[in-house]
Amino acid sequence: MHKHFLLIVLIMLCVSAFAQKQYTLQSPDKDITVTINVGEQITYAVTHGSTCVLAPSAIGMKLADGTMLGSKPVVKSAKTRSVNQSVEAPFYKRAEIPEVYEELTLTMKGNYKVIFRAYDEGVAYRFATEFRKSIIVENETADFNFDADYQGLIPYVLRRAGQEGDLISQQFYNSFENTYTHTPLSEMDPDKLAFLPVLVELKDGKKAVITEADLEDFPGLYLRNEKGQHGFTAVHAGYPKSREQGGHNNLQWIVKERENYIAKSNGKRSFPWRCVVISESDKELADSDLVYLLASPSRVEDVSWVKPGKVAWDWWNNWNIYGVPFKAGINNDTYKYYIDFASQYDIEYVILDEGWAVNKQADLFQVVPEIDIQELVDYGAERNVGIVLWVGYAAIDKDMENVCQYYSDMGVRGFKVDFMDGDDQMIVDFYYRMAETAACYNLFIDFHGAYKPTGLNRTYPNVLNHEGVYGLEQAKWDNESDLVTNEVTIPFIRMVAGPMDYTQGAMKNANKNNFAAIYTEPMSQGTRCRQLAEYVIFESPFNMLCDSPSNYMKEDECTRFIASVPTTWDETIVLDGKVGEYLVIARRKDYHWYVGAITNWEERDIEIDLGVLPNFGAKSGHIFRDGPNANRVAKDYVSEQAQVWGNKVKVHLAKGGGAVMVF
């Protein structure tokens, strides 16, 4: 009785005592309770067991004609339903996802609905309207309030110098890349926006990650704490009123002025899901399916032509091949060398990054004279290696249909699309047009200069990857950031949203004391085995090998292992982990289990329990682990047989280290 009384008191504290109408929704396992109050406005609160996750938080939407969704609401009907099914997931971290949730739909007077869902791993809500005419959305209310001044891991927008407008609107032009600031919510910088996902540390060791899903025909969501409160309010980029071509090599659309509204769209539609992933233990965050499940189902009928895989990448290693009889650079001889390397190691693709098209023309039909794309496509086809082209946002946006048709007919397999650097409604619409058009011509997409995933990889499975992460490219110029700590943080926050193109694979590795950012000859932070393990740790269906073919061929054993690791999986189980400290993940493809482990700068011994893996019966496997001198020379590693004793393996991780096993 005492425990039940305390739980009732907690729920009363987390929800308004003055609501006119109240509705509750529980997760299938009954651990999560959502309480919706309909009074002067709509608010909702969330508890997980005896923990208050969200205190009453207002939701709503204001239209330009004065209509206020969620204000003085009147409920016409309330309907619930239970769903228990499975979802097939091509090119994902598991082949099939259980989809189990409880749903409450409140149909409101005024031709709109509010839909709430409770899953065992979190909650989500969205608005849906049924207006006959088109609408203009002036702003949205999406508050996330907490009952105490918790610590958050906040990815602030990095504001670029020289931008026009006020401090907030300047931040809408950004690449969604930063490390995390660990701070009490009340001490957040009021002049800075946070991009999603954002993590909040709750009581009892629990955590909440806030993000969004099914972002279509609407601007992305930022969070702000303007008044030092215990929570966030929503901010969106205004709809572009005027823009001009410019930015990086004339490949971007730069907004010069914004409207005083955020979106214009059809009146009959569903809006994006606002979702909160909730964990009792940190490892649960590194294995969330919520964003994928909330996304719209696939709109591509046949995906058999989509082939995930590895790609030999040129830009990070600065085309640094050596021991060849030609001058390395952006030319056919260099790319044939990359293709030969890829073919030798059964790597599926080679990418031509920036430089193959004439600079600053933003015209993808103007190819530099040193490059013959058709010759490279044919050369690659003979060696079972596909060609992928890097393209700038404005360049492909201006002539999308013709560019896709032309290069698809040539035999190009996909595009890496870069430098959108924003998420206003126009840019979000571009993602969908790009994905749909590419699918029509059997082309896959890797989005760079991109906002976080919101489930587009489910709706258009030819979208294999997103950047939107502070990745290894930063090692070319950033001497200050701690990439090792970042790498044991992003799987619990950024990866909650979906796959990420971190671009690991460095063969030149450095410990904390001897790392230096060198643009033309970059290195990684942490050990060699860490780089190998990240091919298991990070979700990435289209996965880069960032280093030079010449460097890889000097490290044949490591390269053959990297090339052999799958990029999509039949099953994923997160075995252990703690945000910012370490992570251990097991993934299965066919009959092979791959287990990866990475740590922060703290040296540690871990015991991995393989007995939780379904049908695991191996007594031995192969392991790459940090060598005895890895703390001194980061590339030191041991490759040997791993013995399994009682379904357990003990592994020592060096500072900034890692290990990876195959069973």
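The values are calculated or read from the model by the stated rules, or taken from the named source; none is laboratory data. Quick caveat, the model's predicted, so the values are computed rather than measured. Note that we place each Cβ from the backbone using ideal geometry, even for glycine, and neighbour counts take in every protein chain shown. Please note that ligands, DNA and RNA were not included when accessible areas were found on the heavy atoms of the full protein model with its side chains. Shrake-Rupley method; radii C 1.70, N 1.55, O 1.52, S 1.80 Å.
For the reader, a short list of remarks on this structure follows.
- Distances between placed amide hydrogens fall under 5 Å for residue 41 paired with 72, all partners being 5 or more residues away or on another chain.
- Label-to-label distance for residue 436 and residue 303 is 1.8 nm, based on points extended 7 Å past Cα in the beta-carbon direction.
- Spin-label model, residue 151/residue 648: points 7 Å from Cα along the beta carbon direction are separated by 2.9 nm.
- Ordering of 180-191, 197-208, 485-496, 46-57 by burial proxy (mean other Cβ atoms within 10 Å per residue, highest first): 485-496, 46-57, 197-208, 180-191
- Largest first, the extents of the alpha carbon coordinates of segment 290-369 on the three principal axes equal 52, 36, 23 Å.
- Count Lys and Arg as plus one, Asp and Glu as minus one, and take only other residues whose Cβ is under 12 Å from that of residue 93; the net charge is then -2.
- Dividing the radius of gyration of the alpha carbons in segment 350-505 by their Kirkwood radius gives 0.98 for Rg/Rh.
- Label-to-label distance for residue 203 and residue 82 is 3.0 nm, based on points extended 7 Å past Cα in the beta-carbon direction.
- GluC sites (Glu not before Pro) restricted to segment 299-372 and DSSP loop, no more than 11 other C-beta within 10 Å: 301
- In the chain, helical runs assigned H by DSSP with n ≥ 4 each contribute -39500 (n - 2.57); averaged across all residues and rounded to the nearest 500, the mean residue ellipticity at 222 nm is -4500 deg cm²/dmol.
- Percent antiparallel among DSSP beta bridges (both partners in the chain, rounded to 5): 85 percent
- Rounded, prolate or oblate (a/c below 1.5 giving rounded, otherwise prolate when a/b exceeds b/c) for segment 519-559 by Cα gyration tensor: rounded
- Rounded to the nearest 10 degrees, the angle from helix 373-382 to the longest Cα principal axis of the chain is 80 degrees.
- Among the trypsin sites (Lys or Arg not before Pro) within segment 591-650, those in coil by DSSP and having at most 10 neighbouring Cβ atoms inside 10 Å are 619.
- The share of C-alpha pairs in segment 449-569 whose separation exceeds 19 Å stands at 47 percent.
- For the Cα trace of segment 176-291, dividing Rg by the Kirkwood Rh returns an Rg/Rh value of 1.02.
- FRET efficiency, residue 619 to residue 592 (Cβ-Cβ, R0 25 Å, nearest 0.05): 0.95
- Per residue, the chain exposes 38 Å² of solvent-accessible protein surface, assessed with a 1.4 angstrom probe and all protein chains in place.
- Loop sites in segment 387-436: trypsin sites (Lys or Arg not before Pro), DSSP, at most 15 other Cβ within 10 Å: 398
- Listed values for segment 56-64 are Karplus-derived 3J(HN,Hα) couplings in whole Hz (6.51 cos²θ - 1.76 cosθ + 1.60, θ = phi - 60°), namely x, 10, 7, 10, x, 7, 10, 9, 5, and x replaces Gly and Pro.
- D (Stokes-Einstein, µm²/s), Kirkwood Cα radius, the chain, 0.692 mPa s at 37 °C: 128 µm²/s
- Sequence-distant residues sharing a close amide H with residue 268 (under 5 Å, placed H): 131
- The share of accessible area on the chain that comes from carbon and sulfur is 46 percent, using a 1.4 angstrom probe.
- Gap separating the Cα centres of segment 101-127 and segment 476-515, nearest whole Å: 37 Å
- Oblate is the label for segment 40-152, because a/c, from the alpha-carbon gyration tensor with a ≥ b ≥ c as root eigenvalues, is 1.5 or above and a/b does not exceed b/c.
- Computed accessible area, residue 269, all protein chains, 1.4 angstrom probe, square angstrom: 30 Å²
- Inter-centroid distance (Cα atoms) of segment 167-210 relative to segment 598-654, Å: 34 Å
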